[in-house]
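As structure tokens, the structure follows; a few thoughts come after it.
Nothing in this text is a laboratory measurement; each read-out follows from the coordinates by a stated rule. In this text the structure is predicted, and so the values were computed from the model without any measurement. We place every Cβ from the backbone using ideal geometry, glycine too, and count neighbours over all the protein chains shown.
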Amino acid sequence: MNHFGVGLILLTAAFIHGVAGFAFALFAVPLLIFFWPLREVVPLIALLGGTINGLLLLSLRRHFHWRRIFSLLVGSIPGVLVGAVFLTKAPERELRIMLAALLVGYGLWGLLNPSPRVKLGDRWGYFFGFLAGALGAALNTPGPPVVIYVTLKGWTKDEVKGALQGYFFLLAALIIGAHAFHGLITWEVFKRYLFCVPLVVGGLFLGHRFYYRLSLKVYLRVLYGILILAGFLAWP
């Protein structure tokens with residue numbers, strides 16, 4: 001029963017990520033902690049998330065531009081360092097409450113403002129990158145700050161999803177390195193990763209095919225709706 005539940009969670013999370021370009025960790029982490037300890041779930045999802053982000057980035061490489069995520073990446077470096085310390089020392093409940101409030105708040109704002117007049121400059125990437133790095137290392141949920149940033153840039157659907165994949169792929173490398181440094185990636189975690197990869201890649205493939213059926217307007221609504229639902233899942 002445990003294997004079936006874990007498999008269903010990972011398949012669903014990978015499918016959603018294939019559609020939206022994020023949310024794998026947002027859905028998987030709060031549900032998998034019913035089966036495994038948080039300190040084992042987070043590094044496992046980092047490994048799996050890095051894999052699927054790399055595959056999507058390969059598919060969307062024509063729409064990806066390094067300069068667009070440079071400020072996000074720079075801001076993420078100190079954020080990852082702070083988040084890794086939080087994972088080992090900070091109370092989990094408070095972290096999840098903060099994350100849930102951010103998700104629901106922005107998701108509702110996005111649905112109520114389908115064409116926001118706010119356009120963020122590149123310098124804002126440092127701030128949102130720091131938040132993403134901290135949340136990624138602490139709870140493996142770097143998506144919300146990055147989604148907020150890219151949806152306020154006025155890019156096309158493919159450019160938004162391509163930027164998300166490029167950023168998440170490189171951030172995953174930083175997070176995995178931080179987890180390894182703190183001894184969180186154990187042999188048990190790596191065995192689970194090898195077991196789960198085929199299922200996750202299958203869900204990702206199905207979700208990415210469905211993504212091409214969506215218009216930009218519908219795609220953004222999907223992003224905002226996922227943020228709201230994930231916020232409720234993250235609530236402790």
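Some points to look at:
- Cβ-Cβ distance of residue 3 and residue 232, R₀ of 35 Å, FRET efficiency by 1/(1 + (r/R0)^6): the value works out to about 0.85.
- Compared with the alpha-carbon gap, the fully stretched path from residue 201 to residue 70 is longer by 44.4 nm at 0.36 nm per residue.
- Rounded, prolate or oblate (a/c below 1.5 giving rounded, otherwise prolate when a/b exceeds b/c) for the range 1-100 by Cα gyration tensor: oblate
- At an R0 of 30 angstrom, the distance between the Cβ atoms of residue 108 and residue 181 translates into a FRET efficiency of 0.20.
- Gaussian network model of the chain, springs between alpha carbon atoms under 10 Å - residue of 15, 86, 34 with greatest fluctuation: 34
- Among the listed pairs 119/217; 153/217; 161/217; 89/153; 89/161, those beyond 24 Å (Cα-Cα): 89/153; 89/161
- Highest-fluctuation residue, 149, 212, 224 considered, GNM on the chain with Cα pairs under 10 Å: 212
- Using a Förster distance of 30 Å, the FRET efficiency for residue 89-residue 61 (Cβ separation, nearest 0.05): 0.20
- Positive-pole candidate from 220, 166, 80, dipole of the chain, charges at beta carbon: 220
- The mean sequence distance of close C-alpha pairs (under 8 Å, at least 6 residues apart), as a share of the length of the chain, puts its relative contact order at 40 percent.
- A convex hull fitted to the Cα coordinates of the chain yields 106 cubic angstrom per residue.
- Within the chain, helices built from complete DSSP H runs that reach 20 Å or longer along their own axis (Cα positions) and carry a mean Kyte-Doolittle hydropathy of -1.0 or higher are 2-20, 38-59, 70-89, 92-112, 124-139, 157-181, 187-211, 216-234.
- Cα gyration tensor shape for the range 121-208, rounded if a/c is under 1.5, else prolate or oblate: oblate
- Charge dipole of the chain (Cα centre as origin; +1 on each Lys and Arg Cβ, -1 on each Asp and Glu Cβ, all else neutral): 660 debye, rounded to the nearest 20.
- Tensor-based shape of the range 1-44 (alpha-carbon gyration tensor, a/c under 1.5 rounded, otherwise prolate or oblate): oblate
- Annotation note: trypsin sites (Lys or Arg not before Pro) in the range 197-236 located in DSSP loop regions with a Cβ neighbour count of at most 16 within 10 Å are 213.
- Protection proxy ranking for 96-103, 127-134, 42-49, using the average of other Cβ atoms within 10 Å per residue and placing the highest first: 42-49, 127-134, 96-103.
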